[in-house]
1. So which residues in segment 202-216 are modelled with pLDDT under 95 and in contact with a strand residue (DSSP E or B) (Cβ under 7 Å, 6 or more places away or on another chain)?
2. Output the qualifying pairs, or none if there are none: Cβ atoms under 7 angstrom, residues six or more apart or on different chains, first residue in segment 291-306 and over 14 Å from residue 435 (Cα atoms), second residue part of a loop (DSSP other than H, G, I, E, B).
3. Which of the residues that make up segment 192-218 are open to solvent by less than 60 Å² (accessible area, probe 1.4 Å), among the hydroxyl-bearing types (Ser, Thr, Tyr) and assigned to a loop (DSSP other than H, G, I, E, B)?
4. Mind checking which strands (runs of 3 or more DSSP E) fall wholly inside segment 1-86 and carry at least 2 residues that are open to solvent by less than 10 Å² (accessible area, probe 1.4 Å), of a type outside the set (D, E, K, R) and closer than 20 Å to residue 174 by Cα?
5. Given the criteria touching a His at 6+ places or on another chain (Cβ under 7 Å) and more than 16 Å from residue 306 (Cβ to Cβ), does residue 405 qualify?
6. Quick check on segment 116-130. Is at least one of its residues under 16 Å from residue 21 (Cβ atoms) and in the same structural domain as residue 13 (by the TED database)?
7. Within segment 219-239, does at least one residue satisfy the condition of being part of a strand (DSSP E or B) and either in the same structural domain as residue 123 (by the TED database) or touching a strand residue (DSSP E or B) at 6+ places or on another chain (Cβ under 9 Å) (or both)?
8. When both residues are 6+ apart or on different chains and their Cβ atoms are under 6 Å apart, which pairs have a first residue that lies in segment 231-248 and is more than 16 Å from residue 190 (Cα to Cα) and of a type in the set (D, E, K, R), and a second that is open to solvent by less than 20 Å² (accessible area, probe 1.4 Å) and assigned to a loop (DSSP other than H, G, I, E, B)?
Amino acid sequence: MNIVSQTLGHEVGKIIAVHLSYPSRAAQRGRTPAEASYFMKASSSLSGPGEVVRPENTELLVFEAEIALVIGKAARNVSEEEAWSHVSFVTAANDMGLLDFRAADKGSNVRSKSGDGMTPIGPRLIPAADVDPAGLRVRATVDGQLAQDDSSSTLLFSFAHFIADLSRLMTLEPGDVILTGTPAGSSVLVPGQTVTVEVFSEADPSITSGQLTTTVVAGAALADVGSAPAADDKQRIDAWGSTEAAGLADKGAGLTDKDEAGQTASFELTDELRERISKLALATLSSQMRQRGYANVSIDGVHPMVAGQKLVGRARTLRYVGHRPDLFKKFGGGYNAQKRAIDSVNPGEVLVMEARGYEFAGTLGDILALRAKVRGAAGIITDGAVRDWAAVAEVGLPVYAQAAHPSVLGRVHIPWDTDQTITCGGVAVQPGDVIVGDDDGAIVIPPELVLEVVDASERQESEEAFIAQMVAAGESVEGLYPLNAAWRQRYNEWLAAHPN
């Protein structure tokens, strides 16, 4: 019997798990949720320290260190303020699963996460009254090496939020367990490895769950009934945490790029491609996009705060909606969508903000600009205003905006959601689009067009370099700009003599 059942004197009821709750994990996944989402695990999956079996015909057994909440008093329609009083204990948990069944589950996680032994918990329960819910630390080691380490103070959504949210719809009963999500660092285990999870108070580390250690052992193949276990490269990357860890780096990093629906994309903005783009004029790229039927690619109204800074990166998105007091009270404060977006932007990405074209309230200040730079962002674009203009400029991060304004965003805006399709400066922007900016402004290029457009733009600029040289030498533009057949022959000869 697991420690929860032993302590309570009866079987555990529901096990409810949270999908994404830590910024570190959201950054690893490349998306930050606007609201918490959940899935269920079978109570029969609960176990304590010991062994877990990886069947012979599976390969993607994953571990996820988590803080578990044990409900002690029934909760129905409780507020966030009173939610913690319904928790009796916290402890360590390991939300294990066989991701070989994720495709078969189609999001339910029934088979992938509910197998026997897939929810180790314990070994000791910490009274909830003895700890600060925002001051708990969860840590995991694999074969003695640190794999995960994070604090509940960083959560995208508080423990109280989970309880209040769930209790709107269902009664949380004594003995129910909530698994509150895992930070970055979870990965795949193979037979013979051990994983140890511990939860403890940051204020007093002696208040601890103790070490929850699980050893993976090999087991017989699963019976050939129903959906068979299957693993593709996409699942391997997700399970291991990166293409490198999955041993797939040589197959192309494009495997890690996903579109808004979570599907693997075929495009990667490599350092080499980024360098090629940075050498091209925005006007040239815009011209090539227009030739392909994309007349509206310019993010109108924005300009760089500091001249001479080139901007190239993949888009992340943030959307603001109009201010309304009740909605701002609920969504505008605390760790809101704006802060979550800044806190999860990845190296080389451009955060694009839909600020409804309003230049009358700041959508970015110096602290958040600094945070984005520290995280390695390529830049920020807002079709609104920037406050702390001089201080933001000093940060050194390429920022494009309409204007400066001293007011905070709460004057007219509410940070609403992230990583959705938005309209910034009159043009649609999707997560993963390529954003390019220079002193002329900024444009959006769909990933599938980038290579074609860059190749054509390089050819165009080569031709224009020749044309400029001829004009400087006194030639008329007639027949030269654009090149007629005779001038093109001369250009080809010139190009052969100037291959670089």
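The values are calculated or read from the model by the stated rules, or taken from the named source; none is laboratory data. None of these values were measured; they are calculated from a predicted model. Positions of Cβ are backbone-derived with ideal geometry, glycine not excepted, and every protein chain shown enters the neighbour counts. The accessibility values were calculated without ligands, DNA or RNA, using every heavy atom of the protein model including side chains. Shrake-Rupley method; radii C 1.70, N 1.55, O 1.52, S 1.80 Å.
1. 202
2. Note: pairs meeting the criteria are 301/357; 301/383; 301/402; 301/425.
3. Listed by number, the list holds a single entry, 209.
4. 15-18, 65-71
5. no
6. The answer is no, given that none of the residues of segment 116-130 is under 16 Å from residue 21 (Cβ atoms) and in the same structural domain as residue 13 (by the TED database).
7. Yes: one or more hits.
8. Between residues of segment 231-248 that are more than 16 Å from residue 190 (Cα to Cα) and of a type in the set (D, E, K, R) and residues that are open to solvent by less than 20 Å² (accessible area, probe 1.4 Å) and assigned to a loop (DSSP other than H, G, I, E, B), the close pairs are 233/248.
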